[in-house]
Every structure is written in C-alpha cells, then in structure tokens.
Amino acid sequence: MKGLPLQRRTLALIAVIVPLLALFIYVGLRSGPLAPVAVTVANVESRAITPALFGIGTVEARYTYQIGPTFAGRVRRLDVHVGDQVRAGQVLGEMERVDLDDRVRSQGSAFKRAEAALSEAEARQVYAQAQARRYEQLFTVHTVSEELVTTKRQELQIANAALSAAREDVDRARADREGLVAQRSNLRLISPVDAVVVARNSDPGTTIVAGQAVVEVIDPKSLWINIRFDQISAAGLAAGLPARIALRSRAGASVEGHVLRVEPKADAITEETLAKATFDDLPDPIPPLGELTEVTVDLPALPASPVIPNAAVRREGGKVGVWQLVDGALRFSPVVLGASDLDGFVQVREGLRTGDQIVTYSEKALTGRSRVKVVDRIAGVAE
C-alpha cells in the first residue's frame, strides 16, 4: 500500500515531463536550431538576355586650345572670363607691343644693309668673272703666264662664294623682318573655334614667355566620356554600341550616347579596359570637365538559354554553384556561368536544366543537412 503514493508521484511527474519534453521538441523543430530554414525559390528559365557593361567615367574635352602669343611680352588686356562662350575669330585679348616696333625698324635696317652687301658682291662677281675670262683668252695667245690665269680663277671662286653668302644673308634678314612684322600683326589673341573659356591663366600686366597659354578654351561639341570597364566583363565591347550616360549632377536622368572607340592600351595596374563615349545630343547646360559619370553599354542580345537570378549563385568549397531542391531534398549543384545582364540574370552553361528548382534567398546560410521551408518572401530581403 505504501507503493501507491510513490507510483502516483511517478505518474504525476511523467505527466508533467512528457508535455514539457514534447513542447521543447516542438519549439526546437519550429524555431530552434533544428527548425527548417525559410527560403525562396525560382525555376530555371530559358530566355534571351541582353548583356550590358557598367563603367565609371569622367567628362573630358577631345579638343582643347591653349591660346597665347608667339613671342615674349606683356598682356595688355583680356576681354573674357572663365565660362564665357566665344565665337570663332573673336578677339579674346591683346598683347603689348613693348619694343616690337623698334625691333622691326632695326631689322629693316639690317635687311637694307644685307641688300647693299648683296649688290656689292654681285658687282665683284661680275668683275671677277670678266677678268677670269679675259686672262684665259690672253693665255691662249701666250701674252700672260699660267700663274696669273690661276690667280684670276681663284678670285672668281672667292667672288662666287661671297655672292652666295650675301644672298643667304639677305634671305635671313628678310625672314627675320617678316617674322617680326607677323608678330606685330599677331598681338591679338583670337579664338580658333566656337568655344567655351575654361581657364584664364594670366591677367593684364603679366609678362609671359613665347608659347605660354594666356587663355584656354574647349570645343563643347568635342566633349566625350573617358570610361573604365572591368576587363573580366568587357568582352564584346566595341565602337558604335549604344550607351546610357548618367551624370552625377543629374540624378535619375540619363543621356543617350554611343561608344566612340575602345582604347588599344588597357590599364595594367587596375586591370581595366579603357574606352571613349560621346553624347548623341550635347546636354544643356554642358557638364563641367571632370564630372563623374556612370555609363551603361548595351551589348548585342544573346540567344535564349537557361538563366537564373544572380542572387542564387553561391560559392561552397571553392566551387561556384546553386542550392537546388530535388524531390524536396537540398543539394549543392556546381554550375558554369555565362554572360549576365543588369536585370539580375545570368546564363547557365552547365549544371542546370530548364525547369530545375533552385534557392534564391535563404533566411540563413545553408548546408547539405539543412531543412528548408519554401516561403513567398523573407522579411528584410529585397527581391
């Protein structure tokens, strides 16, 4: 009879422990470490994709003109400022003559002296030539010695050399004079094309050397984008492909353009392919030089093939693949990927077939032993 209370206590304890144990197992299977992992799935589709390249570039000017004098001098005036639009042939500024008039007069005098020396050399040459001819005739009748004839011939050679030197002196003096005259007529700084002033390097009163740029202008029609693409994904990039150019200063809007050329030399340090793109229609107002741009280049469409979302691709054990659901069981399937587009899809060349079910997103990292539960959406994941 004493065993009855003990038996009752044991049964009561079992009645309490068993529900608790069941509750623990239930909770563990539903929300604990043994709970199934929530996943979203997608089916492998066969579809054509239009691959695209994405690159970062900067706005640059294809044609830049640095305008300055061809001689050393002092800036007299400048009529333009940075940002001004100018016309071809418009006077942008002017240089001071300084001592240019005196130099022109001095060179004119030198030219006249060279001409006078040339006239004298011509006269001496004519005289020496006549003398040489006369003494040769006298030598034929044996009235003068051979030594005297030789002397006259040498005098003619000297006169010919002096004449050649005098002619060169005249040509040199003429060129120097014409150069100074041209400099005097080039005192004005003139824009060669319709342009925009991007730099004003000197102010009136500044002394500059020959060839130094006073004003820098660009042809706005020559603006282009210097773009960098990752070499890994740059296959198929070619001149003429359409491009969408997004300027940083104009968020949410893009400008149509096209690839002008692919540079034959890549950047070996950053492993990037370089290219140039131009605007189909120049934006108004024109973007500033150096502005960053995001450029998307559409490549030719590819034939239909199995594709999957990029989000499904995983790397496990050094292999690229996807988590695949086969008859409700989870397994990792290595794949060989092809081209991708900017809509988030990538081609599968090997490893999957159309209709296969794969995991796109998971609540946490998966393993081969993970239990999964397919849901329509995972909280906190943007699909």
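Find the relative contact order for the chain and round it to a whole percent, using C-alpha pairs within less than 8 Å whose residues are 6+ positions apart.
Relative contact order for the chain comes out at 28 percent.
With the Cα gyration tensor of the chain giving a ≥ b ≥ c as the square roots of its eigenvalues, does the rule (a/c under 1.5 for rounded; else a/b larger than b/c for prolate; else oblate) give rounded, prolate or oblate?
prolate
Could I have the simple spin-label model distance between HIS81 and THR143, label points 7 Å from Cα toward Cβ, reported in nm to one decimal?
It works out to 8.9 nm between the two label points.
Taking the chain as a Gaussian network, where each spring joins two C-alpha atoms under 10 Å apart, which residue of GLN125, GLN357, GLN66 fluctuates the most?
Ranking GLN125, GLN357, GLN66 by mean-square fluctuation puts GLN125 first.
Strictly greater than 19 Å: what percent of every Cα pair in region 129-249 meets that?
76
May I ask you to evaluate 6.51 cos²θ - 1.76 cosθ + 1.60, the Karplus curve with θ = phi - 60°, for each residue of region 313-320 and list the ³J(HN,Hα) values in order in whole Hz, giving x for glycine and proline?
So the J values, rounded to whole Hz, are 6, 10, 10, 10, x, x, 10, 8.
Kindly express, to the nearest 10 degrees and within the range 0 to 90, the angle between helix 100-140's C-alpha long axis and the longest C-alpha principal axis of the chain.
50
Which net charge results when you count Lys and Arg as +1 and Asp and Glu as -1 among the other residues whose beta-carbon is under 15 Å from that of LYS152?
0
Where nothing but the Cβ of Lys and Arg (+1) and of Asp and Glu (-1) is charged, how large is the charge dipole of region 200-352 around its Cα centre, in debye to the nearest 20?
Charge dipole, region 200-352, about its Cα centre: 380 debye, nearest 20.
In the Gaussian network model of the chain, springs joining C-alpha atoms below 10 Å, which of ARG76, ARG200, ARG103 carries the largest mean-square fluctuation?
ARG103
For the chain, find the longest principal axis of its Cα atoms and tell me its angle to the long axis of helix 146-185, 0 to 90°, nearest 10.
That helix lies at roughly 50 degrees to the long axis.
Which one of ALA110, GLY68, THR140 has its Cα pushed farthest toward the positive end of the charge dipole of the chain, where Lys and Arg give +1 and Asp and Glu give -1 at the Cβ?
With unit charges placed on the Cβ atoms, the residue in question is GLY68.
Per DSSP H run of n ≥ 4, the term is -39500 (n - 2.57); total these for the chain, divide by its residue number, and report the mean residue ellipticity at 222 nm rounded to 500 deg cm²/dmol.
-10500 deg cm²/dmol
How much length would be gained if the chain were fully extended between ALA304 and ALA165, taking 0.36 nm per residue of separation minus their Cα-Cα distance, in nm to one decimal?
My answer for the length gained is 41.8 nm.
Which value, in debye to the nearest 20, gives the size of the charge dipole of the chain about its Cα centre, when Lys and Arg are +1 and Asp and Glu are -1 at the Cβ?
Here the size comes out at about 2000 debye.
Out of SER305, GLY318, LEU180, whose Cα points farthest toward the positive end of the dipole of the chain (charges: +1 Lys, Arg; -1 Asp, Glu; placed on Cβ)?
GLY318
Where the centre of each part is set by its Cα atoms, how far does region 286-342 sit from region 167-229, in angstrom?
The distance from the Cα centre of region 286-342 to that of region 167-229 comes to 53 Å.
Computed from the coordinates by the stated procedures, all read-outs in this text should not be read as laboratory data. A quick note: this is a predicted structure, and the numbers were derived from the prediction, not measured. FYI the Cβ positions are ideal-geometry reconstructions off the backbone, even for glycines, and counts take in every protein chain you see.
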